[in-house]
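What follows is one structure encoded as structure tokens, with my remarks underneath.
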Amino acid sequence: MANDTENPDQQGQAEGQDKSAEVEQTQEAVEDGEVGTEESGDAASDQTTAEEDGKSDAQSDPSEELAKVKDQLLRTVAEMENVRRRAQRDVENAHKYAVEKLLGDLLPVVDSLEKAEDAAKSTDNTESMAEGIGLSLKLFVGILEKAGVTLVDPLGEPFDPQLHEAMAMVPNPDAEPNSVMDVMQRGYTLNGRLVRAAKVVVVKGE
């Protein structure tokens, strides 16, 4: 009959082999853990770097945008200032040279009056002198009309307080009541706006 009981030496050898196997398994587990730890560390390091890069980009973007907005604002302010200066210069020139064209048109009148003066000094013919002055006056009135000036000469017309200034009221049975019977001084309008009212004598009503 076989003996089921192992001797002490065989039992010790078996226990020693078991312990060696456990030690080897433990070492392998430790090594696997170290490798996993290294890989986890690398992944965590990569993630941290990406987050830092993202934060850096997030921090730099607002600064760039702010710089762009500031530059655009400065350009806009400079352009507005240039427009304001040009407008101011145009207004100043308009005020300074507003009558330039009218002056150019009036110069021939001055020339004509100078010639009439010379003619009056060298001749005793009053008729020719009056004719020369009349031509100068006609030229002058024509220039005023081109500039928008209209003569107000209301002789025989109904009295208009918007355009006429009554200097006197005289009864006249041969004229319509409240009409202008005499013009003491003619008036003028500029593009429909009254510049000077005509001074008139009005027929007094009954």
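Miscellaneous remarks
- For Met169, nonlocal amide neighbours, meaning residues 5 or more places apart or on other chains whose placed amide H falls under 5 Å from its own, are Val202.
- Each residue of the stretch 169-178 was assigned a 3J(HN,Hα) from its phi angle through the Karplus curve 6.51 cos²θ - 1.76 cosθ + 1.60 (θ = phi - 60°); the sequence is 10, 10, x, 8, x, 8, 10, 5, x, 6 Hz, with glycine and proline shown as x.
- For Arg84, Arg193, the sequence from fewest to most other C-beta atoms within 10 Å is Arg193, Arg84.
- The stretch 149-206 - Rg over Rh from alpha carbon coordinates, Kirkwood radius: 1.00
- In order along the stretch 84-93, the phi-based Karplus estimate (6.51 cos²θ - 1.76 cosθ + 1.60, θ = phi - 60°) of 3J(HN,Hα) comes to 5, 5, 5, 5, 5, 5, 5, 5, 4, 5 Hz; Gly and Pro are listed as x.
- With the convex hull drawn over the C-alpha atoms of the stretch 77-206, the volume per residue is 157 Å³.
- Inter-part distance where the stretch 91-156 and the stretch 157-178 are each reduced to a Cα centre, Å: 30 Å
- Rounded to the nearest Hz, the phi-derived 3J(HN,Hα) couplings of the stretch 137-148 under the Karplus curve 6.51 cos²θ - 1.76 cosθ + 1.60 (θ = phi - 60°) are 5, 4, 5, 5, 5, x, 5, 5, 5, 5, 7, x, where x marks glycine and proline.
- Relative contact order (%) - the stretch 149-206, alpha-carbon pairs under 8 angstrom, separation at least six: 46 percent
Readers should treat all values here as calculations from the given coordinates under stated rules, not as data from a laboratory. Remember, predicted model here, so these are calculated numbers, not experimental data. In this analysis, Cβ positions are derived from the backbone assuming ideal geometry, glycine residues included, and neighbour counts consider all displayed protein chains.
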